[in-house]
Every structure is written in structure tokens, then in C-alpha cells.
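Structure first, then comments.
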Amino acid sequence: MKAVFKWTGLLVLGLVLGIALAVWQIRNSGLGNDVRVGPWTTGRDIGTAHADMKTRAVVALRGLLALPAQEARYFTAATDSAGAPLSGKCRYALTGGMIEARWWSVTLYDPGGWLIPNRWNRHSIGSGRIPVGRAGGWTVLIGPEEQPGLWIPTGTDGAFELTLRTYRPHGTLARDPARISLPTITRGECRP
């Protein structure tokens, strides 16, 4: 009888650990990773009937209200362009140009996919904020201290991620996102 309890206990422990690992992996996955453009990743199948079970689970947990691929394409970055993890203690320059979409936005999240509270209640910048005539070359500053111009506060000393949403993508962005240029993320000074 003791052997039955032992094996049952091991089976239950294995199931609990397996479920916990699966939930952790899905919660800590970006919105797809089969396409990489600099620090940005996306999935080709997000919002399509071809999405596998893991992609669907990640979208269900982290991409609430995600639109179909022809309506929007989502990119996430957890590192800067040099490959270092994004840190709320550092300043960054997000520099880009024309993005083949009707409208786009960049939003700052914690690694779990939630907005990070900050005293300015500012979490994103959209293409509508880019001054006319600057759409071909713009910079958004990201950092813990308030900065003039286009700026997103980090609101944390810990890790964060950026999500670039492109709405009504067209051209190469819609057909082959692996062949496009996306904004660079350049790290500046960091506070201790």
C-alpha cells in the first residue's frame, strides 16, 4: 500500500510541476518568435488559422484583443539592439523611420505583459504624435526621468519589454515581416 501512495504522490508532483512549467513558459513568451528583426520578434502565424497551440495560448494570455494578421502585426523587444536586456534604470533612444502601416504605436510593459504604473500615466507613443515631416526619421526617448519631446517613462528599476503594434500593415510588412526595417533601441546612460 505504501508503494501506491508513493507513486501517486510522485505522479501528482510531476503533473503539478509540468503544469507550472507550461504556464510559466507561456506567460514569459513574447508574441511569437519565429521572425526576428534586430531586437524585435514576431510570429508569422499570430492571428491566422495556422497558429499552433502554443501561439494561441500566448496570445490568449499576453495578447488580449489581438487582431487578425491582416489587421495588425505585433512585435516585442526585451533587449536593446546590442542584445542587452532592457532595464528601467537606463535611458534608451528608440529610432525609426517609415513603417508600412496605417498607424502604429510602441507601448512599455513589464515582462508579464502588464502596463507599468508611472506618475505621468504615460505608457505609449503612437505614430500620430510624430511631427509632420519627421515620419521618415524620428526618435522616442525611454527612461526613468522626464525628458522633453517624445518620451515614455520606464516606471520601474526592473526589466521591461516594448511592444510595437502596426495596424493595417501593407507592403513588405504584410507579406514578409522578416525583410523589413524596424526601430533600433540604443542604450544610453544607466543609473546605479
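Condition first: modelled with pLDDT of 95 or more and among the hydrophobic types (A, V, I, L, M, F, W, C). Now tell me which residues in the range 159-179 satisfy that.
Scanning the range 159-179 gives Ala159, Phe160, Leu162, Leu164.
Yes or no, residue by residue, for (1) hydrophobic (A, V, I, L, M, F, W, C); (2) without any contact (Cβ under 8 Å) to a residue 60 or more places away in the chain:
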site: Thr107; (1), (2): no, yes
site: Ser124; (1), (2): no, yes
site: Gly137; (1), (2): no, yes
site: Ala159; (1), (2): yes, no
site: Thr163; (1), (2): no, no
site: Arg179; (1), (2): no, yes
site: Leu182; (1), (2): yes, no
site: Arg191; (1), (2): no, no
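Residue by residue, here is whether (1) open to solvent by less than 30 Å² (accessible area, probe 1.4 Å); (2) assigned to a loop (DSSP other than H, G, I, E, B); (3) within 18 Å of Val37 (Cα to Cα) holds:
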{"residue": "Thr76", "(1), (2), (3)": "yes, no, yes"}
{"residue": "Ile99", "(1), (2), (3)": "yes, yes, yes"}
{"residue": "Ile125", "(1), (2), (3)": "yes, no, no"}
{"residue": "Val132", "(1), (2), (3)": "no, yes, no"}
{"residue": "Gly136", "(1), (2), (3)": "no, yes, no"}
{"residue": "Thr156", "(1), (2), (3)": "no, yes, no"}
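With respect to the numbered conditions (1) outside any strand (DSSP E or B); (2) at pLDDT 95 or above, which one is the sole condition not fulfilled by Pro192?
With (1) outside any strand (DSSP E or B); (2) at pLDDT 95 or above applied to Pro192, the lone miss is (2).
Among Leu164, Leu182, Leu150, Leu173, which is the only one that is open to solvent by 20 Å² or more (accessible area, probe 1.4 Å) and out of contact with any helix residue (DSSP H, G or I) (no Cβ under 7 Å at 6 or more places or on another chain)? So that I can check it myself, show each step before the final result.
Numbers: Leu164 fails: open to solvent by 20 Å² or more (accessible area, probe 1.4 Å); Leu150 fails: out of contact with any helix residue (DSSP H, G or I) (no Cβ under 7 Å at 6 or more places or on another chain); Leu173 fails: open to solvent by 20 Å² or more (accessible area, probe 1.4 Å).
Leu182 is the lone residue from the list that is open to solvent by 20 Å² or more (accessible area, probe 1.4 Å) and out of contact with any helix residue (DSSP H, G or I) (no Cβ under 7 Å at 6 or more places or on another chain).
When the residues of the range 49-74 are narrowed to those that are of a type in the set (D, E, K, R) and not in a loop (DSSP other than H, G, I, E, B), which ends up modelled with the lowest pLDDT? Can you show your working first?
Step one: list which residues in the range 49-74 are of a type in the set (D, E, K, R), which gives 52, 54, 56, 62, 71, 73.
Right, trim to not in a loop (DSSP other than H, G, I, E, B) and you get 54, 56, 62, 73.
Numbers: Lys54: 62, Arg56: 56, Arg62: 53, Arg73: 92.
That would be Arg62.
The values are calculated or read from the model by the stated rules, or taken from the named source; none is laboratory data. The shown structure was predicted, so the numbers you read here are calculated from the model rather than taken from an experiment. Glycine also receives a Cβ, built like all others from the backbone with ideal geometry; neighbour counts cover every protein chain displayed. For the accessible areas, the whole protein counts, side chains as well, though only heavy atoms, and no ligand, DNA or RNA atoms are used. Shrake-Rupley method; radii C 1.70, N 1.55, O 1.52, S 1.80 Å.
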